[in-house]
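Taking it in order: structure first as C-alpha cells, then the write-up.
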Amino acid sequence: MSGILVVAEHRQGVLRPVSLELVSAVQDVRGALGDKVTVAVIGAGARAHQQTLSMAGVDELVFIDTPDAEFDPEVTEAALAALAAEIRPSLVVVPHSVDSMGYAASLAIRNGYGFATDVFGVAADGAAVVATRGGYGQKVNVELEFPGASTVLLALRGGTWKPPVDAASPAARDFAFSAPASRSKNVEFISPPATNDVDMTAKEFILSVGRGVGEEDNIERFRELADTVGAALGCSRPVADSGWLPKSRQIGQSGKTAAQCKLYMAMGISGAIQHLAGMKHVETIIAVNTDPNASIFSVAKYGVIGDMFEIADELEKHFA
Amino acid sequence: MKILVPVKRIAALEEDFEIRDDGRDVDGDFINWDLNEWDDYSLETAMQIKEAAGGEPEVVVVTVGPDDAEEVLRKCLAKGADRAIRVWDDALEGADQLAIARVLAGVAKTEAPDLILAGVQSSDHSHGCTGIALSALLDMPHAAVVAAMTYSAGDAKVRVQRELEGGMLHAVDVSTPAVLTIQLGINTPRYASLRGIKQAAARPIEELSAADLGADFASASRVRRMYVPEKSRAQMIEGSPAEQAARIAEIIREATGA
C-alpha cells in the first residue's frame, strides 16, 4: 500500500475541471488506502498545469513529457503503467471521459488491476476498495469489490465531487518513461460547426424536445412554442442524430453544455445518463413525459405526467 | 478482408422488479432482453464497408451469452451479417466485462479480423470498456467513441473522429488492423427486411464453449451488493392538462421574471 494516483486530464492546453474533482474524491479514503496523493499530468507541456493543480489534498505533482501535447491512448497507457510500476498505488483514479474510455480498460487488463468505470462512490472496507456505480440504466446502484487486486483503477464520473478550494504547494517532479512507437496519429480538433443558428451555451431558458416529439414535422410546433414562451429550442441526442434539428442544439454531455441555463423544460425526453449528467447543474428543470418512470423525473424539480402536445397547446394560451 | 462485430444482449428491467435473494443482481424474471442500441450502429458501419467494397469483406458477429442470446445474433444475420458465433460456459455467469473481453479475444485470435467494430457501451450497464480491453489482449491499435470514420476495405489506416465532450471532434489516424468503438449517430442503421428475418431464422449459429478457447476468464471486479437507490423525485404537477399548463406558466414566469 503506497498511495493514490490521480490522473489529470487536459485538452488543447486547458486542464479539464474534472481533474480537481478527482482530488476531492480520494480524500475520504486516503487514510485507508495510502497516505500520499500523487497527481500525474501526461503530455508535452504538462508543467503548464502546475499552478492550477497545486491545491490542498495533493501531495505530489508528477509531469510526464510525451512527444505530442494531445491525447494518444497508447502513449497515455504506457506512461501510467510505468509510473504505477514505480509508485505501486493501491488506487488509481481517472476521469470517466471520452479519453479514458480509450485507455483505461487496456491499462487495467494488461496489468491485472481491479477495474470499474462511471463510478460515483469510492469507499474503503479495511484496506479494500469498494466502488459504487449505476446499473440497469441507473435503476439500481451496484457496489463492486476487487478481490485479489493490489491496484484498483476507477474511472470516476465528473460533476460528482466538488473541487478543492484552497491552494497549496505540493512537491513537483518530472517522470521519464520510454514512449512506445505510436500507432495512431493526432490529426486535428474539429469544433462543432460554428452556426449562425444559435449559441446554446449562453441561453438561460431552454425548451428541449426528445424522442417523444415523434416525427420531424412536429418540430415546428415546438419551435413556435419555444418562441412564444421566450425559450431557445434544444433537443436530445436522438432528435439531433435523426437530423431533425442541428447538432448545435443538442443538449447534454456529448452535445452543448448549457452552462448558463437556469430554466430547462424537457418535453418527451426520458433522460439518458449523458443527458441527465449534462443538465444537473440547472436550477429549475420542468419535465413533461408520458412515462411516469422516466429517469428525467429523478433530476427534475417539477414533473408533469402527460402528453407533450396537449401541454404545448395549453401552455401557449398563457403566453398569447 | 474480415470485420468482427462483437454484440451484446442487453437487459432492460420491467417497471417493477425485485433484487435476487443473494442481493447481488436483479431477479431474472423481471428482465427483458434486446440487442444493444450501440451495436446497431457498429454493425451498420461494418455493413457499409462491406457494401462499398462490393460485398467481399466478411462481416462476423459474435456474442457471449447463453442459448437465448442467439436471438440478437439472428437480428444481425437478418441485417446482412455473414456469420454468427455464440460463446458460452456456465462458469461465465456473473463474469464482468473484462472477462467477456478475454472470451472475445479468444474468438478474435481464431478469426483474425482486419477490423473490430464494437459499440461504445451497452445501454444496461454502460461500462464502455469491453472493446478497448479487447484491443489490449490483441495488442491492436484502437480508438474509442468514434462518431465518424473514413475507411475502405484494405486501407492501412482508418481516419476516425472521436466525439469529445461538448460536441468537439478529434480527428485521428489509426493503423489497421484496429479496434474501434462506435458511437450512436455515426450512421442510420438499417431495418431488417422480412425476407432477411425469414432467412436468418434458418441460418446456422456457430457455437463455442469458453473451454474451447482455452483461456482464463478472470474478472476484474465482483458485485458485492445491488440495491435500489433512494431517488429524489420531482414535485409532480397534477390536474388536467389545462391546470398543469397553468402551473408551468407560473413557474416559467417566476424563473424568468417575465
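The values are calculated or read from the model by the stated rules, or taken from the named source; none is laboratory data. Fair warning: this is a prediction, and the values are worked out from it, not measured in the lab. Glycine also receives a Cβ, built like all others from the backbone with ideal geometry; neighbour counts cover every protein chain displayed. To get the accessible areas, we keep the full protein, side chains included, count just its heavy atoms, and leave off ligands, DNA and RNA. Shrake-Rupley method; radii C 1.70, N 1.55, O 1.52, S 1.80 Å.
Candidates B:Trp88, B:Trp33: the one that is more than 14 Å from chain A (Cβ to nearest Cβ), open to solvent by 10 Å² or more (accessible area, probe 1.4 Å) and of a type outside the set (Gly, Ala, Ser) is B:Trp88. Residues considered: B:Glu254, B:Glu165, B:Glu243, B:Glu207. Of these, the only one that is more than 30 Å from A:Ala258 (Cβ to Cβ) and acidic (Asp, Glu) is B:Glu207. Quick one: would you say B:Leu137 is open to solvent by 10 Å² or more (accessible area, probe 1.4 Å) and either under 26 Å from A:Arg16 (Cα atoms) or under 17 Å from the mean Cα position of the chain (by Cα) (or both)? Spelling it out, it is not the case that B:Leu137 is open to solvent by 10 Å² or more (accessible area, probe 1.4 Å) and either under 26 Å from A:Arg16 (Cα atoms) or under 17 Å from the mean Cα position of the chain (by Cα) (or both).
Here region B:152-161 is the region considered, the condition is being of a type in the set (A, V, I, L, M, F, W, C) and either assigned to a loop (DSSP other than H, G, I, E, B) or open to solvent by 30 Å² or more (accessible area, probe 1.4 Å) (or both), and the residue that is nearest to the other protein chains (Cβ to nearest Cβ) is B:Ala156. Is there a residue being in contact with a strand residue (DSSP E or B) (Cβ under 6 Å, 6 or more places away or on another chain), at negative phi and either touching a residue at least 40 places away in the same chain (Cβ under 8 Å) or more than 8 Å from chain B (Cβ to nearest Cβ) (or both) anywhere in region A:297-306? No, region A:297-306 has no match at all. Among the residues making up region B:29-60, those that are hydrophobic (A, V, I, L, M, F, W, C) and either assigned to a loop (DSSP other than H, G, I, E, B) or within 21 Å of B:Ser126 (Cβ to Cβ) (or both) are B:Phe30, B:Ile31, B:Trp33, B:Leu35, B:Trp38, B:Leu43, B:Ala53. Residues of region A:108-123 that are at the interface with chain B (Cβ under 8 Å from one of its Cβ atoms) and either within 21 Å of the chain's Cα centre (by Cα) or open to solvent by less than 20 Å² (accessible area, probe 1.4 Å) (or both): A:Ala108, A:Ile109, A:Gly114, A:Phe115, A:Ala116, A:Thr117, A:Asp118. Annotation note: Cβ proximity below 9 Å between a residue of region A:109-127 that is farther than 22 Å from A:Gln138 by Cα and touching a residue at least 40 places away in the same chain (Cβ under 8 Å) and a residue that is buried (at least 23 other Cβ atoms within 10 Å of the Cβ) and among the aromatic types (Phe, Trp, Tyr) (sequence gap 6+ or interchain) occurs for A:Tyr113/A:Phe146.
Among residues of region A:1-18 that are under 19 Å from A:Pro89 (Cβ atoms) and open to solvent by less than 20 Å² (accessible area, probe 1.4 Å), those with a beta-carbon under 6 Å from a residue that is in a loop (DSSP other than H, G, I, E, B) and hydrophobic (A, V, I, L, M, F, W, C) at least six positions away or on a different chain give the pairs A:Ile4/A:Val26.
Looking only at region A:161-194, which residues are among the β-branched types (Val, Ile, Thr) and closer than 30 Å to A:Gly57 by Cβ? A:Val165 - this is the single residue of region A:161-194 that is among the β-branched types (Val, Ile, Thr) and closer than 30 Å to A:Gly57 by Cβ.
When A:Val23, A:Val93 are screened for being in the same structural domain as A:Gly135 (by TED's automatic domain parsing), among the hydrophobic types (A, V, I, L, M, F, W, C), more than 24 Å from B:Ala133 (Cα to Cα) and open to solvent by less than 30 Å² (accessible area, probe 1.4 Å), only A:Val23 passes. The set of residues in region A:30-57 that are of a type in the set (Val, Ile, Thr) and surrounded by 20 or more Cβ atoms within 10 Å (Cβ to Cβ) comprises A:Val37, A:Thr38, A:Val39, A:Val41, A:Ile42. Test B:Asp16 against the criterion of being away from every other protein chain (no Cβ under 13 Å) and assigned to a loop (DSSP other than H, G, I, E, B), and give yes or no. No; evaluated as a whole, the condition is false for this residue.
Kindly indicate whether B:Met149 is within 14 Å of chain A (Cβ to nearest Cβ), assigned to a loop (DSSP other than H, G, I, E, B) and under 27 Å from B:Arg162 (Cβ atoms). Criteria not met by B:Met149. If you go through region B:105-117 and keep only what is of a type outside the set (Ser, Thr, Tyr) and open to solvent by 10 Å² or more (accessible area, probe 1.4 Å), you end up with B:Gly106, B:Lys109, B:Glu111, B:Ala112, B:Pro113, B:Asp114.
Taken over region A:230-265, the criterion of being among the hydrophobic types (A, V, I, L, M, F, W, C), open to solvent by 10 Å² or more (accessible area, probe 1.4 Å) and within 24 Å of B:Thr256 (Cα to Cα) is satisfied by A:Ala231, A:Ala232, A:Ala259.
Of all the listed residues (B:Ala245, B:Ala218, B:Ala211), the sole one being over 20 Å from the mean Cα position of the chain (by Cα) and under 30 Å from A:Asp125 (Cα atoms) is B:Ala218. Scanning region B:136-146 for residues that are assigned to a strand (DSSP E or B) and facing chain A (nearest Cβ under 9 Å) gives B:His142, B:Ala143, B:Ala144, B:Val145.
Only residues that are within 11 Å of another protein chain (Cβ to nearest Cβ), polar (S, T, N, Q) and either part of a loop (DSSP other than H, G, I, E, B) or out of contact with any Phe, Trp or Tyr (no Cβ under 6 Å at 6 or more places or on another chain) (or both) were counted across region A:225-272, and they come to 6.
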